[in-house]
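Since the structure comes first, as structure tokens, the remarks are kept for the end.
The values are calculated or read from the model by the stated rules, or taken from the named source; none is laboratory data. Remember, it's a predicted structure, so these values are computed and weren't measured experimentally. Please note: Cβ atoms are built from the backbone with ideal geometry, for glycine as well, and neighbour counts cover all protein chains shown.
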Amino acid sequence: MLVIAHRGASGYAPENSHSAICRALEMNVDAIEIDLHSVEGELLVIHDRWLHRTTQARGQLKDYTLAQLREIDAGDGKPIPTLWEVLQLVDGRCDLNLELKCEHTLIPTLKNLDQAVNALNFTPNQFLISSFNHHLLNESVSLQPKFATGALIASCPIDYAAFAQQLGCYAIHLDIDFINQAFVDDAKARGLKVFVYTVDEESDIRYLEELGVDGIFSNYPDKALRAVKRL
Ligand code: G3P
Ligand code: CA
């Protein structure tokens with residue numbers, strides 16, 4: 001079962017910050033998940049479009065220019081990172097899951113990933129593009145099938161796995177509240193990987209391992225690695 005650092009090692013450092021990515025790399029995680037918003041064609045690594053939860057700033061991303069946003073502290077004394085900065089920092093040392101949080105993120109993400117494959121130490125199969133916006137995933141598969149996609153879902157509708165399979169997804173990413181054995185078996189029979197968020201409790205980790213889940217997103221990836229006996 002893969003261990004994916006959720007928003008970096010966000011239990012130990014401000015989420016989606018340079019420090020959270022570094023902490024996750026130190027833990028030798030399998031992958032790091034980050035959230036992406038687009039501003040003036042640039043990709044910022046931040047979860048919310050509102051700034052107040054994770055920074056000292058007020059208002060929304062759209063209220064600022066990119067240059068102004070780059071002055072804002074992400075909580076670790078460093079600016080809100082760009083996708084390219086994270087790609088340079090990780091440089092192929094683990095896989096990356098890019099969660100597209102809003103429209104206009106797909107095209108610049110694909111450009112960044114292509115550039116990372118050409119100029120850094122990544123291979124295309126180290127990237128997984130995910131989103132709750134399944135239109136973006138559909139577009140991603142048609143534009144750039146070499147990058148795998150993961151369909152995020154926060155509920156458990158009937159035939160969801162069939163839908164993700166039709167979309168050409170590599171994986172489905174489910175909330176732990178909605179997972180069960182029948183769903184995992186159905187998804188796997190359709191050739192889909194199953195990743196579950198957000199998993200921080202040891203008993204949950206063991207339960208998901210028993211279900212045969214392929215990966216978990218954790219804010220405490222070191223705890224998760226210990227629980228799956230890899231630390
Ligand atoms: O990608 C898994 C998980 O991060 C999705 O939900 O709200 O934490 O971005 P959220
Ligand atoms: Ca996320």
The lone condition residue 185 fails out of (1) within 16 Å of residue 33 (Cα to Cα); (2) of a type outside the set (A, V, I, L, M); (3) surrounded by fewer than 21 Cβ atoms within 10 Å (Cβ to Cβ) is (1)
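Residue-by-condition table, conditions (1) of a type in the set (Gly, Ala, Ser); (2) closer than 18 Å to residue 5 by Cα; (3) under 19 Å from the mean Cα position of the chain (by Cα); (4) modelled with pLDDT of 95 or more:
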residue: 31; (1), (2), (3), (4): yes, yes, yes, yes
residue: 34; (1), (2), (3), (4): no, yes, yes, yes
residue: 38; (1), (2), (3), (4): yes, no, yes, yes
residue: 47; (1), (2), (3), (4): no, yes, yes, yes
residue: 61; (1), (2), (3), (4): no, no, no, yes
residue: 83; (1), (2), (3), (4): no, yes, yes, yes
residue: 86; (1), (2), (3), (4): no, yes, yes, yes
residue: 95; (1), (2), (3), (4): no, yes, yes, yes
Mind counting the residues in region 179-198 that are within 16 Å of ligand 2 (Cβ to nearest atom) and either in a helix (DSSP H, G or I) or free of Cβ contacts under 8 Å to residues at least 60 places away in the same chain (or both)?
1
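Could you grab me the full set of residues in region 138-150 that are away from ligand 2 (no atom under 14 Å from the Cβ) and crowded, with 23+ Cβ neighbours inside 10 Å? Spell out how you get there, then give the answer.
Initial filter on region 138-150 (away from ligand 2 (no atom under 14 Å from the Cβ)): 138-149.
Hits for region 138-150 are 140, 149.
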Regarding region 151-168, can at least one residue be identified that is modelled with pLDDT of 95 or more, within 24 Å of residue 28 (Cα to Cα) and within 16 Å of ligand 2 (Cβ to nearest atom)?
no
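Okay, residues lined up against (1) of a type in the set (D, E, K, R); (2) in contact (Cβ under 8 Å) with a residue 12 or more places away in the chain; (3) more than 25 Å from residue 137 (Cβ to Cβ):
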| position | (1), (2), (3) |
| --- | --- |
| 32 | no, yes, no |
| 35 | yes, yes, no |
| 44 | no, yes, no |
| 52 | no, no, yes |
| 62 | yes, yes, no |
| 84 | no, yes, no |
| 93 | yes, yes, yes |
